[in-house]
Structure formats: structure tokens, C-alpha cells
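Peer 1: I'd like to ask some things about the structure below.
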Amino acid sequence: MGSNEPIIEFSDVTFKYRAQQEPTLKNINLKIYPGEKILIAGQSGSGKSTLAHCLNALIPCSFTGDMSGTLRVCGEEPSKLGVFGMSRKVGTVLQDTNGQFIALTVAEDIAFALENDMVPKDEMYHKVEDVAKKLELVDFLENAPGELSGGQKQRVSLGGVMACDVKVLLFDEPLANLDPATGKRTIALIDEIMKNEDMTVVIIEHRLEDVLYRDVDRVILMESGRIIADMHPDELLCSDLLTRNGIREPLYITALKHAGADITPDSHPQHIETMDIESYKDTVIRWFKDTREKETALSTETLLSVKNLKFSYDEKRTIIDDVSFDIKKGEMVALVGKNGAGKSTLASLICGFYKPTSGTIMLDGKDIGPLSIKERGDKIGFVMQSPNQMISKPMIYDEVALGLQVRGVPEEEIKQRVYEILKICGLYPFRNWPVSALSFGQKKRVSIASILVLNPELIILDEPTAGQDYQHYTEIMEFLLEIRKKLPITILMITHDMHLMLEYTDRTLVLTDGKLLMDAGPWDVLTRDEVCEKAYLKRTSLYDLAVKCGIENPDKFVARFIEDERSTRKGGVL
Amino acid sequence: MSKMISYEKKNTPIHKLSGFTKLVFFLLWCFCSALTFDTRILLVMVVLGAIIYIVSGIKWKQVSGVFLAVMFFMVINLTCIFFFAPYQGCQIYGTRNEICHLFGGYTLTREQLFYEFNVFIKYFTVIPSVFIFLVTTDPSELAASMNGVRIPYTVSYAVEIALRYIPDIQDEFHRIRNAQEARGIEMSSKGKLMDRIKNTSAIIFPLLFSTMERIDVVSNAMELRGFGKHGRRTWYRKKDLTAGDIAVLAFIIIFFVASMIITFHDGNRFYNPFI
């Protein structure tokens, strides 16, 4: 193995999409050596996906444009080999595991690339078995995608590219759709595979803390088409480059900096478990002692009350099992749990999409059981994950007005209410624009505005930030905070994002296998090992930091830090 | 929620047949039903179809929705035939046996009743075969078989993917409909028919857009894993034809040829009991 020869080498690569004025990649110089694990970070629009697409030859073969400079992968030029040629060298695992799952069963999906390569049937069976063993998928070979968990789907995607004996694995935001515990396991799996199979790994991801769960050799930080940092994670975490460029640092790093510690690379801050914390201990403890806990005044009026709710499709499997909880007026509550825990079903029951087997749901003290979906819709708004699932009118004004029009509200009043909501949502300047001209985040606002215009008391959001980078995440969440200030609204969010839960919500409902496991403040949830384990959550690194510093009440530490952060948060980025 | 007309794995003799056999059977069966108006053949097909339907172990729930929709259109179809061509039967069979006078220019004749009865049972020859074909055929195996008879694999795979996504699209449809209904756009039977028709655009467009989004992802994923690289491809799920397949193929070909001979030997598609 000539480890001195780079396996991937960008020399002065510039790329401009045909439809764009400015180049998306500017004079990229980058060498990646065999066996390295590289993390590419950057905001959306920084060019990190473009960089990745150069590796698998989607650029310039599928997305055309002008490319200059030279790129070599495994000694070949991707543009000459084409997408097909590169598929034997670079295995790409896409963000959307549902999209990547092409075939009907696990076995066929792993075999997909082999089929396309005209591998004979017997050889294919052996190969599929082999890969399935490595990824612990043997028992699932005949399963359809719908019968798999998020983590299993991810393993199938990985199997699908591993089957062609690739040299480089390229992961495009592998953690975006996974619950935190599964994300952690995926990172461990990637680490294991690359060591056993002698591969080079390139990961594109903005969830830095989760990727750094296992050693990374270098982090490449991109901003407006340039590489602005190419360094060991230990060094990068000590600088302020991440926060300056809109990437979220690991929470324990933020906490340390917040407490006033000056972190140095020789303390190995890459993982909290192995970090040398000695020299920062005193600073952290002093900060903890100096900070007071704030009393937050919460409304005591109950808006939604769910009692002994049960639901099953048939006799065999209970989806929601005896769930009871209250939501107070004005609260922002997170509903968390692993994929398939019943979160969406619970939301569907509240909205009336399904009828409960037993139990009651009260809104404002009134039983809403007999009300139809539409009648509940007057009080409870439901926003789906993707705005594209909701928007049905070409013009923004019409889309937001739709709910009022079908309710027979007079035209004059519609106009006034729509304008008011558009102003609140920051969409007023675009009121006469077509929806198609908006960015994803703006479309999301439109879909929320079209619900808010109906004056609901409770709004349920299904994964409002899934697949969004930190900047868009912040944009959406700050927008929700704004709305909360301006309107008397209560918000229930289904989410996988532990940061979101910690930073923004007042309370967390943890659902596992249809049962309510815990109903408490987010910091209480994320400091309890047994709860995190059962619900596939991840204990927050702040807790580990507190324990390492010898603080007696680690959960208090977490609560104080979060409260302090919230009160100092200004216009978005922490 | 039960998935309507999509493949379900089972172990019946029908499921065990190769997709190719079922495809050929299905096509010849439909041609046969479309071409013949011979009541005897149609009745045989109805009985055969019912037997195969029972053997294939299809649950009523899987097909009831589509079945009722087809019944609805059948009633419209039969009524329209009567109103637009009340003496079609007499023309075809060349006699006129009146039963009773209804109103205006409409008189009920035995020939018309018999003709419409033929149309009626035609529905019942085709419907079960569609259900059986869709519910018992593994889409990937079907694609492999289609490719086996020289249909380009891109076309075969397109068919597979279409079948593969039927359940996904159904799920998406339900999710979108629920969310839109919560916005107050009435889609349930409570609303007026015209409003409901008008409001379907509130589902169709989001469904279209989210499907387009998915097409993009899927086609990229396929290309990245070498789909379309070569002129041929192999199939993981390919099933070789068994003796059972050959027997079924032989049967349907003989059945088809025989039906055609019986139907057309007198130069007329119709079986005439009136002469």
C-alpha cells in the first residue's frame, strides 16, 4: 500500500454550474490518503455537496457545468470514467435512505449494483450473503423497506455500495433521518467497516458532535466554495472557525467556552469521554456556582389533556398503550422516541385522523372525541414534515387563504387575516410571489402560515427541522419562537433532534413502544441513562462534562447552561 | 390500513408460478375476454376465474375498494348502453322479443337483456384476473421474466418500480389527505360532490410534487449504482420456468386458440340463443 500516494487529489479545481453566474467551487486543493476518515463540514451553499458530487462523477456527468483543474480518484479522472465507472470505485450512501432503497427487499437491494454489472446469479447470492453477514442483515434479507428501522435501512444502503468492492465510501449526511442513538451506532459501524475492509471514508455532515463520536482524521471546513480549514478536529474545536461559519460545535465545547475556558488542542477535545478536562475544571465549577437557576413562570391553564389513550389497528399489536399527559397553554413541547415508537400515530389521534380504541382527548376541557377531522382542524393545526406535502396553490396568497376560503369567510376578512399572518411570518413582501420562487425554509413558513391563519390553539409540527442544516434549523426554530411571542399559541413538535429539544422546548414527552416513558423537562430526560437507552435518545455531552468536572448535580448544570444560553441567544446563532 | 391491490407474499400454487407465466396468462385471458361475446366461453371463464381467485388466497379487504369502484362504473356503463342503444341486442341477434314497453321509445327486449348480460359477465371475467395478477406477482420477479422475453430491462424495471411504489404512494396520499382535511378542505363523504371534486386538487398537487421530488432522488440513486451501464443485466430474483409453468402456459394458449375458434367459426363474435 503506497500510503504516500493520495487516493483522492483535487488540484486547483474550480466548478461552475451551467445555470449559475459564480463558481460553486473555487480553486480547491485537497489530498486525501488511503485509510483516512475525512469529515467535510459547511453550511448549505458552501459547496460541500458539490465537492462530493465531483467524487462520484455526478459532476460533471449529470449536473453539467464548467470544470477546470484536475481531480484524480484512485488514479483516474472521474469525468472520464463517468458515473458508472466511478460507481465501482466510490460508493455513495445518500441522505435519504428511503430513496436509496430501490428494490423490493433487502437482498435485491444489496444485489442491485451487481445485477447492473451482469454478475451471474450464483455469484450474486454468495456476495449478498457475505455483505449481509458483515452488516448483520442476514435475518432481514427477505424484508421490504417498510419493515425495517431507520438504522437497518442505513445498513442496507451501505451494503448496496459495499457489494461492489469500492475503495472509497462517500456518505452524504448519513445522520439526517436517524434517531440519535441509531446515528451513534451508524458512526460506530462506519468506523468498524473502514478498519476491517481497508477503506477510505468521506463523510459530509453538519452534525459534528455525532460524527466525532469516533475518531476523524481531518475536518475540511468549507465556506462559499473554498476550503477555509483543513485540520485535525482537536485543533478545529479550539478555534472559533465553526461558530463563525454557522456550524454547531459539540455542546460540551460550547459549554466550556461559555464558562470561560480557553481550550487547547493538547487536551484532545475531540471526544468528551477521552478529553483531558483537568485544567478547565475550576473554571467550569466556578461558572456553575455563579449561575442562578431561573424560575420560569408557566401557565397553569391546561389546553390539551390526553387520558388513558389506547389505539391499535387490530387485536394483535397495540400502537398506543394507555398514554396520559397534559399540555399547558403556551407551552412548547417535544414528542420524542425512536422511529416507530408511535409518535406520528399519537399526533394522528389528536388530529382525529384515527379513532382511538379507548381513552379521551380533551381540548379546553371539552371532549373532542365526537368531532370530525375538519372540526378539530379549527382548533388544532397539523404541519407535515415537507412543505411540498401541503402546498397546493401556485401563489402564496392563495395558499395561505385556502383554509379560510373553504370555510366561507368573507373575502374582505380573508384578505385582512392573510396579510396579518404574512406579516407575522415575515412573508408579507412576497405575498404576490409564486410559491415556486421560494427557498425551502420560506416554503416551510408558508405551510405554517397557512395553518396559523386559521387561528388554531394548538399546532402540531411533524419533524420541523429534519434534514435541515444548522442555519435553516435556526431559521425555522427562531421563527417559531417569534410566533410564540406574537400569538397565543401552543406548540407540540415531533422531533429526533436532541439539540432542538434542549434548546427550545419546555417539556419533553418520551414515547417508547406506544407507552409514555417520561414526561419531564428536556434536561431531566437527557441526563437519564435508562430513559435514553430505552427511547433511543442520546445522553447529552453536557452531562458527561458535568460529571467529569465533579459537579454533584449534573442535571442542574445542564439546566442552568441551557437557560443561560436561551437568555443570551440573540437573533439566531448561539 | 390494508394495502389495496399490491403484492403480498404467500405460498399458494398461484404465487409459485413464474411472473412470466402469469403475465402471459393475464394478457391472453384479457384478449380472450375482449374478443369473444360467446356466452358459453364467458361463463366458463367466470367459473375458472372464481376458482383461481379462491386458490390464490386473496383477502377480500385487499381488493374490495377497487371492486366497488369497478362495480360503480359497470352500472353506469350498463345503464348508458340501454339509454343510448336500447335495441343494440336486437341488431346483433337479428330478432326482437319484446318483454314490455317502458316509456317513450324504450321497450325492454330479451335480446337487449341478453346482450347486457354478456357485457356484465365480461366484467366478471376480467376483474378477478387483474386482482390475481397484481396481488400474487412479485414485481421484481415479473420484471426479471419480462426481461427474459426480450422486453428491454429499462422497461421491465420501470414496471417493477411502479408496482413497488404503489403502497408508498397510497400512504402518502392518506397522509396528505388527512392534513388537508384538518385545514378544513372537506374530502370525506360529508361534503358536496362538486366541492369534493374541486378539492381533490388540494391532494393531487402536493402528491405530484412530493412524488417528483422522490423520482429525482431515486433516479440519482439508481444511476450511482450503475443502472443502465450495460445493455443487459442479471436478476437476483429470476425464476426458471417449472413444469407447472409450462403446463399453465400450454393450457392458456390452447384455451385461447380454442375460444377464438369457437367464437369465430360462424363468422360472428356472438353466441345466439334466439335462433
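Readers should treat all values here as calculations from the given coordinates under stated rules, not as data from a laboratory. Not measured: the values here are computed from a predicted model. All Cβ positions, glycine included, derive from the backbone under ideal geometry; neighbour counts span all protein chains shown.
Peer 1: If exposed means no more than 12 neighbouring beta carbons inside 10 Å and the site is in a DSSP loop, what's the longest run of chain A without any exposed GluC sites (Glu not before Pro)?
Peer 2: Longest gap between qualifying sites, sites excluded: A:316-551.
Peer 1: Could you give the radius of gyration (one decimal) and Dmax (whole number) of the Cα atoms in the protein assembly as shown, in Å?
Peer 2: So, for the protein assembly as shown, Rg and Dmax equal 31.3, 109 Å respectively.
Peer 1: Peptide A:389-395: average number of partner chain Cβ atoms within 10 Å per residue? Numbers along the way, then the final one.
Peer 2: Details: counts 10, 9, 5, 15, 3, 1, 0.
Across A:389-395, the average partner-chain Cβ count within 10 Å equals 6.
Peer 1: Could you work out the local net charge near B:Asp216, counting Lys and Arg as +1, Asp and Glu as -1, over the other residues with Cβ closer than 12 Å to its Cβ? Don't jump to the answer; show the numbers that get you there.
Peer 2: Values: positive: B:Arg214; negative: A:Asp96, B:Glu213, B:Glu223.
Charge balance near B:Asp216 sits at -2.
Peer 1: Here is a follow-up. I want the local charge near A:Pro180. Using Cβ-Cβ distances under 12 Å, sum +1 for each Lys or Arg and -1 for each Asp or Glu among the other residues.
Peer 2: Numbers: positive: A:Lys184, A:Arg185, A:Arg207, A:Lys338, A:Lys538, A:Arg539; negative: A:Asp179, A:Glu209, A:Asp210, A:Asp497, A:Glu533.
Local charge sum for A:Pro180: +1.
Peer 1: May I pose another question? Report, in deg cm²/dmol and to the nearest 500, the calculated mean residue ellipticity at 222 nm for chain A, where each DSSP H run with n ≥ 4 adds -39500 (n - 2.57) and the sum is divided by the residue count. Write out the running numbers ahead of the final one.
Peer 2: Values: 24 runs with 224 residues, N = 574.
When only DSSP H runs of four or more count, the value is -11000 deg cm²/dmol.
Peer 1: Could you work out how far apart the two model spin labels at A:Ala188 and A:Lys31 are, taking each label as a point 7 Å from the Cα in the direction of the beta carbon, and quote it in nm?
Peer 2: Result: 3.5 nm between the two label points.
Peer 1: Taking R0 as 35 Å, what's the FRET efficiency between B:Phe73 and B:Ala243 from their Cβ-Cβ distance, rounded to 0.05? Mind dumping the intermediate values first?
Peer 2: Numbers: r = 40 Å, r/R0 = 1.13.
Efficiency computed from Cβ-Cβ geometry: 0.30.
Peer 1: Next question, about the same structure. Scan around B:Thr109 for amide H atoms under 5 Å from its own, H built in the peptide plane at 1.01 Å from N, and keep only partners 5 or more places away or cross-chain.
Peer 2: Amide H neighbours of B:Thr109: B:Ile99.
Peer 1: If you rank A:Asp469, B:Asp168, A:Asp555 by fewest surrounding Cβ atoms within 10 Å, what's the result?
Peer 2: Values: A:Asp469 24, B:Asp168 16, A:Asp555 19.
By the 10 Å Cβ count, ascending, the order reads B:Asp168, A:Asp555, A:Asp469.
Peer 1: Still on this model: So if I take the centroid of the Cα atoms in region A:383-425 and the same for region A:19-66, what is the distance between those two points in Å?
Peer 2: Here the answer is 39 Å between Cα centres.
Peer 1: In nm, to one decimal, how far is the modelled label at B:Phe274 from the one at A:Arg18, with both set 7 Å along Cα→Cβ?
Peer 2: It works out to 6.5 nm between the two label points.
Peer 1: Rounded to whole Å, give me the distance from the Cα center of region A:81-129 to that of region A:276-354.
Peer 2: Cα centroid of region A:81-129 versus Cα centroid of region A:276-354: 40 Å apart.
Peer 1: Once you have the Cα-Cα distance between B:Glu98 and B:Ala258, take 0.36 nm times their residue separation minus that, and quote the gain in nm to one decimal.
Peer 2: Numbers: separation 160, 0.36 × 160 = 57.60 nm, distance 3.40 nm.
Stretched fully, the B:Glu98-B:Ala258 segment lengthens by 54.2 nm.
Peer 1: Work out the mean other chain Cβ neighbour count within 10 Å for the residues of A:100-108 and drop it here as an integer. Each step should come with its number before you reach the end.
Peer 2: Numbers: counts 7, 3, 10, 9, 11, 5, 0, 3, 7.
Taking the mean over all residues of the peptide, I get 6.
Peer 1: Considering every residue in A:259-270, what mean count of other chain Cβ atoms within 10 Å of its Cβ is obtained? Can you show the working numbers first?
Peer 2: On the way: counts 0, 0, 0, 0, 0, 0, 0, 0, 0, 0, 0, 0.
Mean shielding count: 0.
Peer 1: In what sequence do A:Lys31, A:Lys485, A:Lys328 fall when counting other Cβ within 10 Å, fewest first?
Peer 2: Lowest count first: A:Lys485, A:Lys31, A:Lys328.
Peer 1: Quick one: work out the % antiparallel among DSSP beta bridges in the protein assembly as shown, nearest 5. Spell out each step's value before the answer.
Peer 2: On the way: 43 of 79 bridges.
In the protein assembly as shown, DSSP labels about 55 percent of beta bridges as antiparallel.
Peer 1: If you don't mind, another one. Specify the angular offset, from 0 to 90 degrees and rounded to the nearest 10, of the alpha carbon long axis of helix B:153-182 from the longest principal axis of the alpha carbons in chain B.
Peer 2: In chain B, helix B:153-182 runs at an angle near 90 degrees to the longest axis.
Peer 1: Using the beta-carbon distance between A:Ser224 and A:Ser11 and R0 = 22 Å, what value does 1/(1 + (r/R0)^6) give for FRET efficiency, to the nearest 0.05?
Peer 2: On the way: r = 20 Å, r/R0 = 0.91.
For R0 = 22 Å, the calculated efficiency reads 0.65.
Peer 1: Here's another thing I want to ask about it. By how many nm would the segment from A:Thr568 to A:Asn143 grow when fully extended, if each residue of separation counts as 0.36 nm and the alpha-carbon distance is taken off?
Peer 2: Details: separation 425, 0.36 × 425 = 153.00 nm, distance 4.92 nm.
Extra length available between A:Thr568 and A:Asn143 comes to 148.1 nm.
Peer 1: On to the next question. If I fit a long axis through the Cα atoms of helix A:106-116 and take the longest principal axis of the Cα atoms of chain A, what angle between them do I get, 0 to 90°, rounded to 10?
Peer 2: In chain A, helix A:106-116 runs at an angle near 40 degrees to the longest axis.
Peer 1: Right, next: Taking only Cα atoms of region A:342-408, what ratio of Rg to Rh do you get with Rh as the Kirkwood inverse-distance radius? All intermediate terms of the calculation are to be shown ahead of the outcome.
Peer 2: Details: Rg = 14.0 Å, Rh = 13.6 Å.
With Rh from the inverse mean 1/r over Cα pairs, Rg/Rh is 1.03.
Peer 1: Enumerate the residues in region A:322-349 having an amide nitrogen under 13 Å from the point lying 7 Å beyond the Cα of A:Asp506 toward its Cβ.
Peer 2: A:326-334
Peer 1: Based on DSSP H runs of at least 4 residues, each adding -39500 (n - 2.57), what is the mean residue ellipticity at 222 nm of chain B after dividing by all its residues, to the nearest 500 deg cm²/dmol?
Peer 2: Working: 11 runs with 189 residues, N = 275.
That calculation yields -23000 deg cm²/dmol at 222 nm.
Peer 1: Sort region A:71-189 into rounded, prolate or oblate with this rule: let a ≥ b ≥ c be the square roots of the eigenvalues of the Cα gyration tensor; rounded if a/c is under 1.5, and if a/c is not under 1.5, prolate when a/b is larger than b/c, oblate otherwise.
Peer 2: Working: a/c = 1.97, a/b = 1.21, b/c = 1.64.
In terms of gyration-tensor shape, oblate.
Peer 1: Explain nothing, just the number: dipole magnitude of region A:8-241 about its Cα centre with +1 on each Lys and Arg Cβ and -1 on each Asp and Glu Cβ, in debye rounded to the nearest 20.
Peer 2: Working: 24 positive and 38 negative charges, 116 e Å.
With Lys and Arg at +1 and Asp and Glu at -1, about 560 debye.
Peer 1: Using +1 at the Cβ of each Lys and Arg and -1 at the Cβ of each Asp and Glu in chain A, identify which of A:Ala341, A:Ile7, A:Ile285 lies farthest towards the dipole's positive end.
Peer 2: A:Ala341
Peer 1: A further question follows. Using the Cα centre as the reference, give the magnitude of the dipole from point charges on the C-beta atoms of region A:302-539 (Lys, Arg: +1; Asp, Glu: -1; all else neutral), rounded to the nearest 20 debye.
Peer 2: Details: 31 positive and 32 negative charges, 53 e Å.
Roughly 260 debye for region A:302-539.
Peer 1: What nm distance separates the two modelled labels at A:Lys80 and A:Met231, each placed 7 Å from Cα along Cα→Cβ?
Peer 2: It is 3.7 nm.
Peer 1: Provide the FRET efficiency to the nearest 0.05 for the B:Asp168-A:Asp282 pair, computing r from the beta carbons and using R0 = 35 Å. Intermediate results must be reported in sequence, preceding the final value.
Peer 2: Values: r = 56 Å, r/R0 = 1.61.
Step by step, r from the Cβ atoms, then E = 0.05.
Peer 1: Out of every Cα pair in chain B, what percent are spaced more than 24 Å from each other?
Peer 2: Working: 23882 of 37675 pairs.
Percentage above 24 Å: 63.
Peer 1: Quick one: angle between helix A:121-134 and the longest Cα principal axis of chain A, in degrees between 0 and 90, rounded to 10, please.
Peer 2: Between helix and principal axis, roughly 70 degrees.
Peer 1: For A:Lys121, which lysines qualify as cross-link partners when the Cα separation must be under 28 Å and same-chain residues fewer than eight apart are set aside?
Peer 2: Candidates past the 8-residue exclusion: A:Lys89, A:Lys133, A:Lys134, A:Lys153, A:Lys167, B:Lys9, B:Lys10, B:Lys16, B:Lys22, B:Lys229, B:Lys238, B:Lys239.
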